[in-house]
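Following: one structure in structure tokens, then a few remarks.
The values are calculated or read from the model by the stated rules, or taken from the named source; none is laboratory data. Note that the structure is predicted; figures quoted are calculated from it, not measured. Here the Cβ positions follow ideal geometry from the backbone for every residue, glycine too, while neighbour counts run over all protein chains shown.
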Amino acid sequence: MTRHTFAFFLFILWAAPSISAGTLNVSIKSAAEQGEFVTASFETPPLEEMKISFMFLGSTAPCFPDPISPNRFQWTCLAAVPANALTGKQRYEIAPYGDPAFHGIIRIKKHKFPVETLTLSKEKKDLLKSGDDKDDEVKLIRKLFKTETSEKMWAGKFIKPVQGKIESLYGEKRILDGKLRENYYHRGLDLGEQHGKPLFASNGGKVLSARMFTEEGNMVMLDHGRGVISLYMHCSAMSVKEGDLVSKGQEIGKVGDTGVASTPHVHFGIYIHGTPIDPLFWLSHSPD
Ligand SMILES: [Zn+2]
């Protein structure tokens, strides 16, 4: 290294803002219930490497920065607390921040989810069996859930896709043919509505997928950005296609009973970084 490059190297070290875990002021709640989500937020100066992750409950997800002044960024990290999340004290980490990374504890409280007995026709039950086509569908859905768009496409509170009657809650366990389905919990909210009624985008976003799946039926998936995805299953018709931009309240399809559904309803799901949370909790608490 020449004297000049060495001086330049020292200058870079001096000029690049750094933050140690000790100086980070994180706003985060200390407890959450199964089915909810948590938000962590904090400010930093512009950083050399504008990449920060939030690690919680075994998953790692990106945090996203918003400039709030010429030399200040506000970061927001979201994490799902699914129905089957481990309860008790759980550690989170914000990295890369210091060594060890900035960390803390969130207490996860148990939520008692109802158990529902389900009756399905043989024809619908057959759709639950796996097959090659279904494996491909599962792979595709998993891939879509990995979508992380830095642009925030939603504004204000999310809305219900149809008014409808709540027929099944998030987190419900199910008994089918007298047997409790192992490792299963209902990953969305079922809203019963008349066949053919319009259903609406819960908030602004981009259509990730609008196609027919074996179990889900005609399903529309919307990417709202920053790891938030909403989905709408069992549609009788879909009026959007992959890549379309939609606004909050825009019609995206019609209510139906395609896929595994015994009556016309919308299965409405909200996923945070690929993990389903309680849509009712999200509707009342979604960050603006
Ligand atoms: Zn459902």
Selected residue (criterion: nearest to MET221 (Cα to Cα)) from residues of region 264-288 that are assigned to a loop (DSSP other than H, G, I, E, B) and at pLDDT 95 or above: GLY274
Cβ-Cβ under 6 Å pairs, at least 6 apart or on other chains, region 254-276 side touching a residue at least 12 places away in the same chain (Cβ under 8 Å), far side assigned to a loop (DSSP other than H, G, I, E, B) and among the basic types (Lys, Arg): VAL255/LYS197; GLY269/ARG187; PRO276/ARG187
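Looking only at region 212-228, which residues are closer than 24 Å to LEU280 by Cα and away from the ligand (no atom under 16 Å from the Cβ)?
LEU222, ASP223, HIS224, GLY225, ARG226, GLY227, VAL228
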Matching residues in region 84-122 - criterion: being among the aliphatic types (A, V, I, L, M) and closer than 15 Å to VAL38 by Cβ: ALA85, LEU86, ILE94, ILE105, ILE106, ILE108
Condition broken by THR76, with the remaining ones in (1) hydroxyl-bearing (Ser, Thr, Tyr); (2) touching a Pro at 6+ places or on another chain (Cβ under 8 Å); (3) closer than 20 Å to GLY269 by Cα satisfied: (3)
Residue in region 230-263 that is farthest from the chain's Cα centre (by Cα), counting only those that are in a strand (DSSP E or B) and within 16 Å of the ligand (Cβ to nearest atom): GLY256
Condition check for GLY104: surrounded by 11 or more Cβ atoms within 10 Å (Cβ to Cβ) and part of a strand (DSSP E or B): yes
Test: residue in region 84-96 that is at negative phi, crowded, with 17+ Cβ neighbours inside 10 Å and of a type in the set (Asp, Glu): yes
